[in-house]
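*Asks:* Please read through the structure below; I'll follow up with questions.
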Amino acid sequence: MNKSSDEHIEEFLNYLKFNRNYSENTVISYGNDLRQLFKYARKSGAVITNEDTAHDKLDLIFLKTFIAELSDPFKREGKYTKKTISRKISVIKSFYKFLYKNKYISKNFSSSLIFPKLNKKLPSILSESELNKLLGEKYLTELSILDKTIIELFYSTGIRLSELINLKIHNVDLTGRTIKVKGKGSKERIVPFGSEAEKSLRNYIQIRDICNVNGIDNLFMDNAGKKLYPMKVNRMIKKNLSLVTQSSKRSPHVLRHSFATHLLDNGADIRAVKDLLGHESLSTTQVYTHITPERLKKVYKQAHPRS
């Protein structure tokens, strides 16, 4: 019995979730992209209904037309950045590879699709002096114990927002100064943290038990003893970073960017930084190897005979 396009999508999403250990958010995102593709296919007449299993109709010409419309501001679908279009192409390629591998299509039409050339943007970071200022004496009274601990841990470890929110208290080793986090693809890694983060964690954990009226095992929670949610942490970070920077980018990821850049500025090996960040590929980490003025000055001072 032939499967419908909806059933093929569902089978593919289950494969990502259970075989590839993709996160729930990633699986939802993949599903939305693929449903958009088939919605376009029905509107254009390439397929008639969801029950139409003729995937061979969605050939290379069809896929190129769909992608061209995504980037055409005068078309109905044309409202996406190059980065978003690249992601959608990646999803299509993964899906078609799955269909071909399982003999649902006679040819992998997506293999010839080309990604748009992305403009490389340097990551937004805070300077070392800005972070020292924020976490120093001046703003000590403006930062709650929870706020200070979260900022210290973000900057000391470079972990992602999702990793911080889901961090369990039993995965915090204060003596060894390490945390165990579950990153993308449910991959676990051990990340060290510094002495200042340890102090903040010890102070926070003293009050954590008072707040933990619901007995949850997450390290961080709000005053009502509930697990923190992303928007709350984002708002908190934005508010506190505005104390020391006028930059429009004031998110947890700015602290992750700052962590990686400052490590490399101070001589850390890029492969070690890759492992600390939980990156799959070294090329992802290389975005942090941009030459900052601080690094130029340091290299000059170390290398020039009359520096």
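The values are calculated or read from the model by the stated rules, or taken from the named source; none is laboratory data. Worth saying up front: this structure is predicted, and the values here are computed from it rather than measured. A quick note on method: Cβ atoms are made from the backbone with ideal geometry, for glycine too, and the neighbour counts reach across all protein chains shown.
*Asks:* Suppose we keep only residues that are of a type in the set (D, E, K, R) and in a loop (DSSP other than H, G, I, E, B) within the range 240-258. Which one would you say is farthest from Lys133 (Cα to Cα)?
*Replies:* Of everything passing the filter in the range 240-258, Lys249 is farthest from Lys133 (Cα to Cα).
*Asks:* For the range 190-200, indicate whether the set of residues that are under 24 Å from Ser281 (Cβ atoms) and not hydrophobic (A, V, I, L, M, F, W, C) is non-empty.
*Replies:* Checked the range 190-200: at least one residue is under 24 Å from Ser281 (Cβ atoms) and not hydrophobic (A, V, I, L, M, F, W, C).
*Asks:* Oh, and also: If you scan the range 109-152, which residues turn out to be touching a Ser or Thr at 6+ places or on another chain (Cβ under 6 Å) and closer than 23 Å to Met221 by Cβ?
*Replies:* Lys148, Thr149, Glu152
*Asks:* When you look at Ser94, is it touching a residue at least 60 places away in the same chain (Cβ under 8 Å) and under 19 Å from Ser251 (Cβ atoms), yes or no?
*Replies:* Against the criterion (touching a residue at least 60 places away in the same chain (Cβ under 8 Å) and under 19 Å from Ser251 (Cβ atoms)), Ser94 does not qualify.
*Asks:* If you don't mind, there's one more thing I want to ask. Inside the range 90-190, counting only helices (runs of 4 or more DSSP H) that do not spill past its ends, which hold 3 or more residues that are out of contact with any strand residue (DSSP E or B) (no Cβ under 8 Å at 6 or more places or on another chain), in the same structural domain as Lys239 (by TED's automatic domain parsing) and buried (at least 18 other Cβ atoms within 10 Å of the Cβ)?
*Replies:* Answer list for the range 90-190: 145-157.
*Asks:* Further question on the same structure: Looking at the range 265-278, I want the residues that are more than 15 Å from His290 (Cα to Cα) and at pLDDT below 95 and have a partner that is exposed (fewer than 12 other Cβ atoms within 10 Å of the Cβ) and basic (Lys, Arg) with Cβ atoms under 8 Å, at least 6 apart or on another chain. Which pairs are those?
*Replies:* Qualifying pairs under 8 Å: Gly278/Lys187.
*Asks:* I'd like to check something: does the range 133-140 contain any residue that is of a type in the set (D, E, K, R), more than 24 Å from the chain's Cα centre (by Cα) and under 22 Å from Leu263 (Cα atoms)?
*Replies:* Of all residues in the range 133-140, those of a type in the set (D, E, K, R) come to 133, 137-138.
Now drop any that are not more than 24 Å from the chain's Cα centre (by Cα), which leaves 133, 137-138.
Okay, now just the ones that are also under 22 Å from Leu263 (Cα atoms), so 133.
Scanning the range 133-140 turns up at least one residue that is of a type in the set (D, E, K, R), more than 24 Å from the chain's Cα centre (by Cα) and under 22 Å from Leu263 (Cα atoms).
*Asks:* Please find, within the range 1-15, the residue that is farthest from the chain's Cα centre (by Cα) out of those that are of a type in the set (A, V, I, L, M) and at pLDDT below 95.
*Replies:* Filtering first and then ranking leaves Met1.
*Asks:* Turning to a different aspect of this structure: Among the numbered conditions (1) closer than 17 Å to Asp147 by Cβ; (2) exposed (fewer than 15 other Cβ atoms within 10 Å of the Cβ); (3) modelled with pLDDT of 90 or more; (4) over 20 Å from the mean Cα position of the chain (by Cα), tell me where Asn223 comes up short.
*Replies:* (3)
*Asks:* Anything in the range 180-213 that is closer than 22 Å to Glu24 by Cβ and not acidic (Asp, Glu)? List them, or say none.
*Replies:* Lys180, Val181, Lys182, Gly183, Lys184, Gly185, Ser186, Lys187, Arg189
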